[in-house]
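Structure first, commentary second.
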Amino acid sequence: MTRWHRVAGACMLASVTARPIPLARPDGSPIRALVVDDEANLSELLRMALQNEGWDTRTAASGQEALTVIRDFEPDLMVLDVMMPGLDGMGLLARVRAAGNDAPVLFLTAKDAVEDRIAGISAGADDYVTKPFNLEEVVVRLRGMARRHVAAVADADPRLRVGDLSLDEDAYEVERGGIPIKLTAREFELLRYLMQNPRRVLSKAQILDEVWSYDFGGDGSVVEIYISYLRKKIDTLGDPLIHTVRGVGYTIKPS
């Protein structure tokens, strides 16, 4: 391992304690990141750093391999090395954009000339970092790209999503895996509140206040009853999505 890799690794370890609340996709599942670089040590270092962010991260050692991973994995953002044998980063990005994929892309390259940066951005990349680089800085840049991408996806889709469960607030419709689910008005409001806060544990008091407009002295048993109603209609169609955190409350998250 080179001195640069040792320094970068130290930066990654130093950033662990300062890790922010993990970003997530609109459906509550982890951000999906793809690192494409023919230098295995570098790919692994970036993969570890992004895994530390709580992201689902995969790697590819070539442009051709990346095409297969992109098709199957559908990443939310990509880190591409510009200089790779065969299909290089520029060529890979051209194919990705031609296929209609607008996932954010950060280029990594040893070329630091202004014209090279201009070429990278003009090719459709969202950011451009030259080697050697500070690992923590790259992670911060990727975090910003992911945040903007998640916000754009959420704004483009009026439906709330958690895994394969979707709720259309305008049409007042709920379905899981394409199967329509009929809910009462109160069940719909409860499910909407849960789905507006994926992975967040909500107490009975919070749910009563939001869904039933009770103060904290409300009867929490009604929450248990309606949670059981939702489970019978939703969790019977697949892996459980609604979970009880004993002594705390309830949460909804992808299986």
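The values are calculated or read from the model by the stated rules, or taken from the named source; none is laboratory data. Just so it is clear, the structure is predicted and the values come from calculations on it, not from any experiment. Methodologically, a virtual Cβ is constructed for each residue, glycine included, from the backbone with ideal geometry; neighbour enumeration extends over all protein chains shown. Heavy atoms of the whole protein, side chains included, go into the accessibility calculation; ligands, DNA and RNA do not. Shrake-Rupley method; radii C 1.70, N 1.55, O 1.52, S 1.80 Å.
Computed over the chain, relative contact order equals 16 percent, with contacts defined as Cα pairs under 8 Å that lie 6+ residues apart.
Over the range 136-239, calculate the relative contact order: mean separation of alpha carbon pairs under 8 Å at least 6 apart, over the residue count, as a percent.
17
Cross-link reach is defined here as a Cα-Cα straight distance under 25 Å, omitting same-chain residues fewer than 8 places apart; for LYS111 the lysines meeting it are LYS131.
Near LYS253, which lysines are there with a Cα under 30 Å away, not counting those fewer than 8 places off in the same chain? Cross-link targets: LYS182, LYS204, LYS232, LYS233.
Relative contact order of the range 100-196, taken over Cα pairs closer than 8 Å and 6 or more residues apart, is 18 percent. Here are a few candidate values for Rg and Dmax of the Cα atoms in Å: [x] 20.2, 89; [y] 21.8, 67; [z] 17.7, 59. Which one was actually calculated from the structure I just gave you? Matching the structure shown: [y].
The residue list ILE227, THR244, GLN206 was ranked by how far each Cα lies along the charge dipole of the range 169-255 toward its positive end, using unit charges on Cβ atoms, and THR244 comes out on top. For the range 35-152, the square roots of the Cα gyration tensor eigenvalues, ordered a ≥ b ≥ c, give a/c below 1.5, which places it in the rounded category. Each part gets one Cα centre, and for the range 221-238 versus the range 117-191 those centres are 26 Å apart.
Calculated mean residue ellipticity at 222 nm for the chain: -13000 deg cm²/dmol, from DSSP H runs with n ≥ 4 weighted as -39500 (n - 2.57), summed, divided by the residue count and rounded to 500. For the range 136-242, the list of trypsin sites (Lys or Arg not before Pro) that fall in a loop by DSSP and count at most 10 other C-beta atoms within 10 angstrom reads LYS182. Calculated FRET efficiency, HIS243 to LYS131, Cβ-Cβ distance, R0 = 45 Å: about 0.55 to the nearest 0.05. From the square roots a ≥ b ≥ c of the eigenvalues of the alpha-carbon gyration tensor of the range 200-255, which class results: rounded (a/c under 1.5), prolate (a/b over b/c), or oblate? Verdict is prolate for the range 200-255.
Compute the long axis of helix 63-73 from its Cα atoms, compare it with the longest principal axis of the Cα atoms of the chain, and write down the angle in degrees, 0 to 90, nearest 10. Roughly 0 degrees between the two axes. Summed over the residues of the range 126-186 and divided among them, the accessible surface reaches 56 Å² per residue at a probe radius of 1.4 Å. GLY28 sits among other residues whose Cβ lies under 11 Å from its own Cβ, and their net charge, with Lys and Arg +1 and Asp and Glu -1, is +4.
In terms of the Cα gyration tensor, with a ≥ b ≥ c the square roots of its eigenvalues, is the range 49-114 rounded because a/c is under 1.5, prolate because a/b exceeds b/c, or oblate?
Because a/c hits 1.5 or more and a/b fails to exceed b/c, the range 49-114 counts as oblate.
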